[in-house]
1. Just in the stretch B:15-111: which trypsin sites (Lys or Arg not before Pro) are loop by DSSP and have at most 13 other Cβ atoms within 10 Å?
2. Report the label-to-label distance for A:N703 and A:E164 in nanometres (one decimal), using points 7 Å from each Cα along the Cα→Cβ vector.
3. From Cα coordinates alone, what are the radius of gyration and Dmax values for the stretch A:335-391 in angstrom?
4. Could you grab the Rg to Rh ratio for the stretch B:30-77? Cα atoms only, Kirkwood for Rh.
5. Exactly which trypsin sites (Lys or Arg not before Pro) in the stretch A:392-446 are in a DSSP loop and have at most 12 other Cβ atoms within 10 Å?
6. 5 Å is the cut-off here: which amide hydrogens, built 1.01 Å from N in the peptide plane, fall below it relative to B:S153, excluding neighbours closer than 5 in sequence?
7. Evaluate the relative contact order of the stretch B:87-152 (contact order divided by residue number), counting alpha-carbon pairs under 8 angstrom at least 6 apart; express in whole percent.
8. With θ set to phi - 60° and the Karplus curve 6.51 cos²θ - 1.76 cosθ + 1.60, what are the ³J(HN,Hα) couplings of the stretch B:21-37 in order, to the nearest whole Hz, using x for Gly and Pro?
Amino acid sequence: MVDYALIGKGIRRVDTTAKATGEALFSADLKLPRMLVGKILRSPYAHARIVHIDTSKAERLPGVKAVITGKDVPDERWGVFRYTQDQRFLPVDKVRYVGEEVAAVAAVDEDTAIEALKLIDVEYEELPAVFDIESALKPDAPLIHDAYPGNINISVDINVGDVEKGFLESFYIREDAFEAPEDSYFQGEPYAVVAHFDSSGNLEIWMPNAGPHLKAKPLSNVLKIPLNKVRVRKITIGGAFGGRSEISPADVICAFLAKKSARPVKIVYSREENSIATRQAHSMKATIKTGVDREGRVLARDITCYMDGGAYSSTGPIAVSVPFLCMEQAYRMDNVRYRGYRIFTNKPIRGMFRVHGRAFACGIDLQLDLIGKELGFDPLEMRLKNARRPGDYTPTKSKVVSCGMVEAIERAAEKARWREKWDRLPPYHGIGIGCNSVQTGFPMGIRGGSQAFIKFNEDGGVTVITGIVDNGQGNDNMIVQIAAEELGLKVEDIQLINADTEVTPSDPGSYSMCETFVGGNAVRLAAQDAKRKLLKIASEAMKVEPERLAMRDRKIYVIDRPQEAISISRVVRMALSRRENISGEGSYWPKVDSNREWVTNPFGQLSETFSFGAVIAEVKIDPETGKVDVLEVTAAQDVGYAINPKVIEGQFEGGVAMGGQGGMLSEKVLWYGGRVLNPDQLDYMVPIAPGMPKINDIIVETNDPGGPYGAKEAGMSVAMSAAQAYASAICNALGVYIHEFPLTPDKILKAIKEKEEGKNR
Amino acid sequence: MKRNVILRINNEEYTVLTKTNRTLLEVLREDLHLTGTKEGCGEGVCGSCTVLLDGRPVRSCLLLVTEAEGREIKTIEGLAKEGRLDPIQEAFIEHHAIQCGFCSPGMILTGYALLKENPRATEEEIRFAISGNICRCTGYVKIVEAIRSLSTSEGRR
Ligand code: FES
Ligand code: FES
């Protein structure tokens, strides 16, 4: 065990004092001189041709400084991959969902901007629309994009081993179908953008983002200005949860309004706009056929999965693949076929979500429960028999270097006293378990690496420069904790410049769960680079070999004679007097297979390492009301190494709230055709403090050989497995297996009723 | 219609020339630059706009600015005294009750008001008091812990 000064300690986060006093600025808090208010006109139709837009009346309204439509924005299309670029930031031909951007204004105040929107005349020709997967796939369904016949956006087909043979050799086979409607992010902060051009044509822009560099490139493309003129600035961000990584039409619209008006412009989304016009999570139907041997070990799986992608491609290929990839990582399955389809409908666009694909993940686990019931194994045994182990390869050929799946399951079971409770709980009480695994980054080509710089001042203080972004999960603190540890400094000696594309080098962003692993490694290497320079100078001054020196408490000292020490600031000044600067550079490129491609070649190392989580939930159901009372949740995850255990606990607890409490008990988007009926936290039922269960956090450490101090992804495995554990526990309490999520009281009452009727029959 | 509205905020007096149909939240954020008070929904659901009116938590997005005249308003900016954080702010930081921080100003003020009214608040009372403040990040565990650490009730951690 290494004796770290700061790593592994639950120190206070560096960013939270400013957040506790109201000092921290979020995008909507910014105010620039002469700033205008921007507002977006949105489509009232789910599918319609835009015949004509007349903005003349709006332009004549006093106080209006700019009006733009699709004609003002070059024909650059968005989609994460070259082959999925299908979304214009302001459409010219047609609109494809209720809420799509049609035109925008910038005016001196909000009232004028709203008035101006009313004065824009848009002539639409309404087209037939489709709102679900089945209707979108009908042969006579209206085509949403000409380039995608049959409204099929993406198909992924993965076929590994010999599935037929696996089924032939199986002792028991069953097939089940599971489904879940759309869910949504509900980040605390509604989306907001501020944009401003200077007279040299440099764009400054602030918005919540999960990677400033991921925003800068599409902005540079559509604005036709070089990357070094796109300055996505650092700003406090009120949550992302898998969203906010892609460019938003609001970013582009705000920039064009600022350009046209030659004044700064701010657009602040309403809560409703945040719910319909950013991203939602996919609805999904998954059919899972699984064959097992006598012992309950999976011999073959055949999975077909349909996801409703809404109106545009967005992260399409990633979104279709990730539900499967998480499960092929979590569980051993040698013979497996996965067919995933993302279907276009006239609904808001779907992206990546922290609890991505709940129908799929809960389906896999509930089916294991059902199989176990048939064979006489409890859910815990079923998980253990099939759990991923270190050294394995996943079906799509990623090596699993470190893996604490079994340890996470065992420790959760022990803490939750599974073996005492299983089969011994009173009626309508249940216990269940879910397991999941999450990537630590994806192959991202030229954007897959992170670089960091360290600058030393003559007084021994340091500035760290990195592209890592903090969405609220504590990444700023992670950077500082690492740099301070490596350089033997105090947290307060470190200043941070990050997530600012003018200054900071490229970084893959936080949405693929890789900031600690990839960005953290780069920061650590940069610090080590500076440290090497300091130790060289110190070693000459102290006449000891650099290998015998270490840094701690702002000093460089001889390891076996700690009293022989020299202050770091002195060594920096010695260097400067020798005309040498002390700085550091580090970059990290994760070891992934760059030939891996989501659709055409879904094989090879997907991510350098993976996290593994197991959650156990214990519930009590009121058979009169169908209400679920969650008594206790135990969340265990292999995080590699806990750089800051308090931060990780916070991720676990937030994950249980979002994935389990919300994701399985209440959260779903309600529809009237293409209209969202519950765009607000109340009707969507975001979890609130009363009713939350007691949560036990268990941090499992496997010391990943590639991670900084052994760390990897922290928290998302818990969010996903919480949904699965809740589903498993509720079905255990009912003795009935429900195949449609979330498990709301209506479904629970129906299940109880059907069970009673079944008994009486 | 515009008129001068006199507001007493964090022990200082402000005169604001404003239309009378604006909310206290708008005036705080836009006219007085007190942007610590957040707008998470604008419709009374999320609690991120919470301020204290005569010591009681209210949703400033639901309150017309004129309704706040003659009352004592406290925003998150007024909690620290002479550069020293209030114990509740310290507790939120120490207990890692803040992640993205968007809900924090409203949450902290709600906790502050609760403890003033009920210094022995139990876990259940705390959960009830913050039930109108939505946090999407933390799962509330550490928020409850932070408030509870200042309560003098039995069995606090
Ligand atoms: S902004 Fe006032 S309650 Fe949400
Ligand atoms: S800390 Fe993000 S909403 Fe509460």
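The values are calculated or read from the model by the stated rules, or taken from the named source; none is laboratory data. This structure is a prediction, so every number in the text was calculated from the model and none was measured. As a convention, Cβ positions derive from the backbone with ideal geometry for all residues, glycine included, and neighbour counts pool all protein chains shown. Only protein heavy atoms, including side chains, enter the accessible area calculation; ligands, DNA and RNA are left aside. Shrake-Rupley method; radii C 1.70, N 1.55, O 1.52, S 1.80 Å.
1. Taking the stretch B:15-111 and a limit of 13 other Cβ atoms within 10 Å, no loop trypsin sites (Lys or Arg not before Pro) are found.
2. 4.8
3. Radius of gyration, then largest Cα-Cα span, for the stretch A:335-391: 15.7, 46 Å.
4. 0.92
5. Details: sites: A:K397, A:K399, A:R411, A:K415, A:R417, A:R419, A:K421, A:R424; in loops: A:K397, A:R417, A:R424.
Sites meeting the loop and neighbour criteria: A:R424.
6. Amide H neighbours of B:S153: B:A121.
7. That works out to 52 percent.
8. Result, rounded to whole Hz: 8, 8, 7, 4, 4, 4, 5, 4, 6, 8, 8, 9, 6, 8, 7, x, 7.
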